[in-house]
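Participant: Here's a structure for you.
No value in this document is a laboratory result; all are computed from the given coordinates. This structure is a prediction, so every number in the text was calculated from the model and none was measured. Methodologically, a virtual Cβ is constructed for each residue, glycine included, from the backbone with ideal geometry; neighbour enumeration extends over all protein chains shown.
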Amino acid sequence: MFVHRLAVATAIATYLLILIGGLVHGTGSSLACPDWPTCYGSLMPKMEGGVLVEHSHRLAAGTVLVMTLLLAISLARSATPVQRRLRPYGWLAVGLVIIQAVLGGVTVLLRLPTPISTAHTATSVLFFLNLLYIAVRSRPASAVAPAPRPLPARATLLALFAAVAVYFQMVLGGLVRHSGAALACTDVPLCRGAVWPDAHPTVLIHVLHRLNALVVAALVTTSSVMTFRSARERPGLRALALAAPVLVAVQIWLGIRAVLTFLDLATVEAHLGVATALLATQIIIVLRGRAEAAPGAFRVRWLRDIASLAKPRVTGLVVLTYAGGLWMAPGALERWRTIMGVVGVALLVGASNAFNMLMERDVDPLMERTRDRALPQGLVSPEAALVFATALMCGALPLLFLGGNLLTGLLGLLALVSYVGVYTPMKRRSGAALFVGAVPGAIPPLMGWTTVTGRLDAPALALFAVLFLWQIPHFLAIAVYRAADYARAGIKVLPLALSAATTRAIIVVFSVALVGATVVLEPLRVAGRGYALAAILLGLTLVGWAIAGFRRAATRAWARSLFLFSIVYLVLLFAALVIDRTVA
């Protein structure tokens, strides 16, 4: 029990350390010691004023570091199998606490840069979560009491989803604090008289934190209801499920009070403490709600496996279409906004792909082209996939809202919800899902345009039409080629519901329409005659390839070649756009 008790003690000490860190910022003591790791050249300066607060924080951090090292060594020397398998998490804790210390030092030496200070907050909470995981999982199993009945998978996954959302809400709160946005909005519930004011990004960070709090509150409440209903024989879990919504309500009230009292220190500290307690509550629900299982062995290759859930090649292609929208839109865009937009879209597409794989993990083993993915092979757990997808989503949306604008962020949200929430489940019910899925697939160039202009124009809608129409022959071709795969998995695709001739006719019709949409960009003055000529030549080639499907000799090989050419077609089309505008 020593290791378990040490883990619990270290987690509690870290919780207190987080509170002391909040006190440092709240009292304006962050630079009370202008050097690091000493304070005014001394390891033990005169403890008064801001130095007392700041140096106490450093001493507490040193204590936690020692406790963490002792915990990692104890795990390594433990004879208990479960605790020995926690060794990687012990050394991970050591690594995180060292990174945390370095970030704290850099924050002081560079005079509180917002990105570093926010990373300091994010790492501290991540470190706390890792210790919490060790504390829960290191508890020796009872030799007498039977194992408690686990919660249904849906309940634990929803609780985990809510926990990740709470974590990123805390990181966003750290950004509010360190960017000086805490009092950017002094009215409640609106900000400067509007839900989304036309204001400096600092103000919008505060607004985003407020709006996201409502989303997190809804997630936590929904998760708590499901947990409470599922944990009929587990009073401890039911108590946690009841506590979580109460903590959310208190947290929102404290946030409002912090604004109205102009950052009263006790209120701000309580706001931080309740947020951390809420996160701990959600994580404990997840860990205690799952069946007791020894943690899997850590593999370096696991990082590559989990990254594959984002489908990097597909994501790269979509980012190119977004960049095309950026490039073609009239007006200039600051470099930092361009970077935030590109990264935001990449994360959003990766999140959509990861959610899609998570939701289809039961049918992927039935299909030849998907059976070797990380989830069907058991290389990545559903819980890890959910954390990865949710983290990408939580990172993407703020970047799009802040680096772009309200319209760009809403378009990104629409793309995510329609792809994950509508298209993915619809694939098992109707072949018409193809046309629904083409909508989120066509939104990225629209987002690129709106990032620059902040509005929807005719050229932007033409770009949307190009991507929408392109997807129909592209995905029908792969559906024809993999029809047996889709039938085995129970995925409804048009080639399984329609005749071969009708499917090929749809491919031809949409290919012709695609050529028309690409040529329209020239009279709309998005591109010049050089592009128009290239679009016509590429389009005629695509139409000819599509018509070749009516030959009697046309087989799966034709469908596969059409699918591959459609990718080449899109790349060359956007290359022609870029070259044409560069020359012009």
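Participant: Give the Debye-formula value of log10 I(q)/I(0) at each listed q (0.16, 0.18, 0.21 Å⁻¹), with one equal scatterer per alpha carbon of segment 1-141, two decimals each.
Facilitator: At q = 0.16, 0.18, 0.21 Å⁻¹ the computed log10 ratios are -0.79, -0.93, -1.15.
Participant: Kindly express, to the nearest 10 degrees and within the range 0 to 90, the angle between helix 49-77's C-alpha long axis and the longest C-alpha principal axis of the chain.
Facilitator: Once rounded, one gets 80 degrees.
Participant: Here's something else I'd like to know. So what's the angle, to the nearest 10 degrees on a 0 to 90 scale, between helix 433-453 and the longest Cα principal axis of the chain?
Facilitator: In the chain, helix 433-453 runs at an angle near 70 degrees to the longest axis.
Participant: Next question. Rounded if a/c is under 1.5, else prolate if a/b is larger than b/c, else oblate: which is segment 98-226, with a ≥ b ≥ c the root eigenvalues of its Cα gyration tensor?
Facilitator: oblate
Participant: How would you rank 257-267, 358-368, highest first, on the average number of other Cβ atoms within 10 Å across their residues? Present the calculation step by step, with values, prior to reporting the outcome.
Facilitator: On the way: 257-267: 15.2, 358-368: 17.5.
Peptide ranking by packing, descending: 358-368, 257-267.
Participant: OK, next. Here are several values of P(r) over Cα pairs in 10 Å bins from 0, in percent: [x] 3, 15, 23, 23, 18, 12, 5, 1, 0, 0; [y] 3, 9, 10, 9, 8, 11, 10, 8, 7, 6, 5, 5, 4, 3, 2, 1, 0; [z] 3, 17, 27, 27, 16, 6, 2, 1, 0. Which one was derived from the coordinates shown?
Facilitator: Answer label, from the structure shown: [x].
Participant: Here is a further query. For every other residue with a beta carbon closer than 11 angstrom to the beta carbon of residue 489, add +1 if it is Lys or Arg and -1 if Asp or Glu, then tell me the sum.
Facilitator: Working: positive: 369, 371, 427, 428, 482, 488, 492; negative: 360, 362, 364, 368, 485.
Summing Lys and Arg as +1 and Asp and Glu as -1 gives +2.
Participant: Mind checking the angle between helix 406-417 and the chain's longest principal axis? C-alpha axes, 0 to 90 degrees, to the nearest 10.
Facilitator: 80 degrees
Participant: If you take every residue apart from residue 407 with its C-beta less than 15 Å away from the C-beta of residue 407, what net charge results, scoring Lys and Arg +1 and Asp and Glu -1?
Facilitator: Once all neighbours under 15 Å are counted, the net charge is 0.
Participant: Still on this structure, I have one more. Ranked highest first by average number of other Cβ atoms within 10 Å, how do 124-130, 491-497 line up?
Facilitator: Averaged packing, sorted descending, gives the order 124-130, 491-497.
Participant: Which order do 269, 233 fall in if you start with the one that has the fewest other Cβ atoms within 10 Å?
Facilitator: 233, 269
Participant: Around residue 477, with a cut-off of 13 angstrom between Cβ atoms, what is the net charge of the other residues, counting Lys and Arg +1 and Asp and Glu -1?
Facilitator: +4
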